[in-house]
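Single-structure report; data block below.
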Amino acid sequence: MLKTNDTKIQNTKALTKRILKLSEDIFQQIKLSVPGEWLNSDLTVAQLRVLLFLYTEGPSRMSVIASSIGIAVSTATGILDNLVKKELVVRTTDPEDRRLVICSLSPQGLEIINPMWTLGRLQIKKLLHNLSLTELIKVEEVAKILLSNAISSPPVRVRKGWEEVK
């Protein structure tokens, strides 16, 4: 009985490895690109990380931003000061506790980050373009399975380098 379980684990690991390789091959083929305005921007990588965090997580307290992207609150404060000066982020106070500062993207901040998601959607649309109805149904089934798993799994947080998922 133990051999059957070991074989199942080995098969699962091998299949996962092949799926990861296929996803890498897909990314190589679709040539993900960075929007031109990002390459000509005066934003730092740290500022982009904060903007992306606020885009995906929504309005957040300074301490949450700092801990989520793995930086000190004082560092986050400096980054956000610059983003506020550039009018990409707005700060408001928490109505329940005026001592807490809530940061959120301004309309200009959304204009900077939105193209990345739009580009991603266009890439997926391109991948789906020539598929048959039967293939699209299979893709939908897989997408639903992945979404369900993403909802039930804790988020992956990478702080110091990349770690292999076990």
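The values are calculated or read from the model by the stated rules, or taken from the named source; none is laboratory data. All figures in this text were calculated on a predicted structure; none of them were measured in a lab. Neighbour counts are summed over all protein chains in view; Cβ atoms, including those assigned to glycine, are modelled from backbone coordinates with ideal geometry.
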Check on LEU110, modelled with pLDDT of 95 or more, within 25 Å of LEU48 (Cβ to Cβ), aliphatic (A, V, I, L, M) and surrounded by 10 or more Cβ atoms within 10 Å (Cβ to Cβ): no
Of all the residues that make up region 7-52, how many are assigned to a helix (DSSP H, G or I), modelled with pLDDT under 85, surrounded by 10 or more Cβ atoms within 10 Å (Cβ to Cβ) and not β-branched (Val, Ile, Thr)? 3
Only one of (1) without any contact (Cβ under 8 Å) to a residue 40 or more places away in the chain; (2) surrounded by fewer than 16 Cβ atoms within 10 Å (Cβ to Cβ) fails for ILE79. Which number is that? (2)
Hits in region 68-107 (condition: within 30 Å of PHE27 (Cα to Cα) and either of a type in the set (Asp, Glu) or modelled with pLDDT under 95 (or both)): SER68, ILE69, GLY70, ILE71
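Condition first: under 28 Å from PRO154 (Cβ atoms), among the acidic types (Asp, Glu), surrounded by fewer than 17 Cβ atoms within 10 Å (Cβ to Cβ) and touching a Lys or Arg at 6+ places or on another chain (Cβ under 8 Å). Can you find one or more residues in region 84-98 that meet it? Give the steps one after another, and end with the answer.
Of all residues in region 84-98, those under 28 Å from PRO154 (Cβ atoms) come to 89, 94, 96-97.
This time we only want the ones that are among the acidic types (Asp, Glu), so: 94, 96-97.
From the residues that got through so far, the ones that are surrounded by fewer than 17 Cβ atoms within 10 Å (Cβ to Cβ) too are 94, 96-97.
Now drop any that are not touching a Lys or Arg at 6+ places or on another chain (Cβ under 8 Å), which leaves 94.
Scanning region 84-98 turns up at least one residue that is under 28 Å from PRO154 (Cβ atoms), among the acidic types (Asp, Glu), surrounded by fewer than 17 Cβ atoms within 10 Å (Cβ to Cβ) and touching a Lys or Arg at 6+ places or on another chain (Cβ under 8 Å).
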Count of residues meeting criterion [out of contact with any strand residue (DSSP E or B) (no Cβ under 6 Å at 6 or more places or on another chain) and either closer than 18 Å to ILE113 by Cβ or of a type outside the set (Val, Ile, Thr) (or both)] in region 69-83: 9
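Quick check on my filter: what residues within region 44-74 are among the hydroxyl-bearing types (Ser, Thr, Tyr) and within 15 Å of GLN108 (Cα to Cα)? Let's see the steps before the verdict.
First pass over region 44-74, keeping only residues among the hydroxyl-bearing types (Ser, Thr, Tyr): 44, 55-56, 60, 63, 67-68, 74.
Listed by number, the list holds a single entry, TYR55.
Only one of LEU128, LEU136, LEU100 is in contact with an Asp or Glu (Cβ under 8 Å, 6 or more places away or on another chain) and either among the β-branched types (Val, Ile, Thr) or more than 17 Å from ARG49 (Cα to Cα) (or both); which?
Working: LEU128 fails: in contact with an Asp or Glu (Cβ under 8 Å, 6 or more places away or on another chain); LEU136 fails: in contact with an Asp or Glu (Cβ under 8 Å, 6 or more places away or on another chain).
Selected residue: LEU100, the only one of LEU128, LEU136, LEU100 that is in contact with an Asp or Glu (Cβ under 8 Å, 6 or more places away or on another chain) and either among the β-branched types (Val, Ile, Thr) or more than 17 Å from ARG49 (Cα to Cα) (or both).
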Please enumerate the residues belonging to region 61-74 that are touching a residue at least 12 places away in the same chain (Cβ under 8 Å) and under 13 Å from ARG49 (Cβ atoms). ILE65, SER68, ILE69, GLY70, ILE71
